[in-house]
Amino acid sequence: MSMLTLPCFAQEKEMAKLIEENFQFANSQYKLLASNIPSDKMPQAYDPKTGKVDSRDIQWWCSGFYPGSLWYIYEQTKDEAIKKEAIRALEVISPNKTYTGNHDLGFMMFCSFGNAYRITAEPSYKDILFESAASLSTRYRPAVKAIQSWNKSKYWEYPVIIDNMMNLELLNWVSEQGGDKKFKDISITHANTTLKNHFRPDGSSYHVVDYNPETGEVLRKATWQGAANSSAWARGQGWSLYGYILMYRSTKDKKYLRQAKAVANFILNHPDLPEDKIPFWDFDAPFIPYAVKDASAGALIASALLELGQYSKKAKQKEYVDAAETMIRSLASDAYRSQPKENGGFLLMHSTGALPLNSEIDIPIIYADYYFLEALKRYKDWYLD
């Protein structure tokens, strides 16, 4: 436990019980989820209208969240059936180690193989992570000083999205584990370019910054999944918060910590953050308070705030941890958590993927489960005896 924040005994006991119960629930639900997916695909979401699990090919950017969630569950429950399924899922997505089609190798491989290696120390998993970092690094262009997120299209020349901050952890880790130090150099350069160009004075971030691939000039600042180019897409704020925390963890560069705190301040003090602290899909969404929520943003932000608390002095730590605890309690309530054996085996309801694209609106989505489980683990490890 952090020595700065000492929850009262009754609160500790209650949270310990909540965390234990939710991991046991996840253990049961994910056995159901495993039975609902094809052997060669990974679960992405559940469609309440059709009553079916949407499963995707392994090169879909979310393919690492299912095995990553299984490893989080196994770590807490020691259920060998969960471990067996986690190992099977890793085998399915392992070809992604050489994939260079987008920037999401961190999501795909570090959330999965990174957790697997942390728990098992299996050498082959480390080798796969090293290969994955090399693949990701091919999308870096020195002229832009950033990793290209998506390929050139009719919409973009060299798009860099705020989500890309999450994939830097893979590069940092591999360099720190004895791999090529250029990976961490790329990560730092990318983080600095994003810091310069992605943020507004209030701490919020744009979703997409498009660059001239030859000169690095910013062509435009826009959105793909948010309400407007100038809006604060909720999950994007979570990506930026988490991303700069992980960069501070790896480098101890205080400018990254300052940026993370600026983002946290924007989120936690926003006038339209609901009382349960689970944000609407965009902080500037039309029709608030009737807009749909995004449980995945709540789970992501909760996990990030718990780590930010580790790098903060007493008063701020309490603010961050209390907010994260509220989010966790909200997500664990009947308002957001599935009932047993429902929603195909997913844990959380009410996530929103890309509302402007009419995609995955107010449904269970795999990354919400992943960051919810991570937040539970972090609270247990850092704030409970």
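Coordinate-derived values only; no laboratory data. Since the structure is predicted, the reported quantities are computational estimates derived from the model, not experimental observations. All Cβ positions, even for glycine, are placed from backbone atoms using ideal geometry, and neighbour counts span all protein chains on display.
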(message) With +1 assigned to the C-beta of every Lys and Arg and -1 to the C-beta of every Asp and Glu, and no other charges, what is the dipole magnitude of the chain about the Cα centre in debye, to the nearest 20?
(response) 880 debye
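Find the eigenvalues of the gyration tensor of the Cα atoms of the chain, then list the square roots of 5 times those eigenvalues as equivalent ellipsoid semi-axes, largest first, in whole angstrom.
After diagonalising the Cα gyration tensor, the semi-axes are 28, 25, 22 Å.
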(message) Can you tell me which of Gly106, Gly238, Gly178 moves the most in a GNM of the chain? Springs connect C-alpha atoms under 10 Å apart.
(response) Gly178
(message) Return the equivalent ellipsoid semi-axes of region 251-365 as a descending list in whole Å, where each equals the square root of 5 times an eigenvalue of the C-alpha gyration tensor.
(response) 26, 17, 13
(message) Please compute, for the alpha-carbon atoms of region 176-322, the extent along each of the three principal axes and give them in descending order in Å.
(response) 48, 40, 24
(request) Please name whichever of Pro364, Phe346, Pro279 sits farthest to the positive end of the charge dipole of the chain, dipole taken about the Cα centre and charges placed at Cβ: Lys and Arg +1, Asp and Glu -1. (result) Pro279
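With 19 Å as the cut-off, how large is the P(r) tail for region 311-385, expressed as percent of Cα-Cα pairs? Kindly include the intermediate steps, with their values, before the conclusion.
Details: 1243 of 2775 pairs.
Summing the P(r) tail past 19 Å for region 311-385 gives 45 percent.
In region 4-127, what is the volume of the convex hull around the alpha carbon atoms, normalised per residue and reported in Å³? Let's see the in-between values first.
Working: hull volume 18.8 nm³, N = 124.
Enclosed volume per residue, from the Cα hull, is 151 Å³.
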(message) For the chain, set up a GNM with springs between Cα atoms under 10 Å and report which of Pro48, Pro364, Pro159 has the largest fluctuation.
(response) Pro48
(message) Along the charge dipole of the chain, pointing to its positive end and built from +1/-1 on Cβ of Lys, Arg, Asp and Glu, which listed residue (Leu70, Leu300, His103) has its Cα farthest out?
(response) His103
(message) Students often get this wrong, so check it: of Lys126/Lys254; Lys78/Lys377; Lys252/Lys313; Lys182/Lys261, which have C-alpha atoms separated by over 18 Å?
(response) Lys126/Lys254; Lys182/Lys261
(request) For region 126-232, run through the chymotrypsin sites (Phe, Trp or Tyr not before Pro) and keep only the ones in DSSP coil with at most 10 other Cβ atoms within 10 Å of their Cβ. (result) none
(request) Identify all lysines with a Cα-Cα distance to Lys152 below 20 Å; exclude those on the same chain that are fewer than 8 residues away in sequence. (result) Lys221
(message) Let me test this: with uniform point scatterers at the alpha carbons of region 35-102, what is the Debye-based log₁₀ I(q)/I(0) at q = 0.12, 0.15, 0.27 1/Å?
(response) -0.33, -0.51, -1.19
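Could you tell me how many cubic angstrom of Cα convex hull volume region 213-295 has per residue?
Numbers: hull volume 10.2 nm³, N = 83.
Dividing the Cα hull volume of region 213-295 by its residues yields 123 Å³.
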(request) Report the local net charge at Tyr125: Lys and Arg +1, Asp and Glu -1, summed over other residues whose C-beta lies under 12 Å from its C-beta. (result) -1
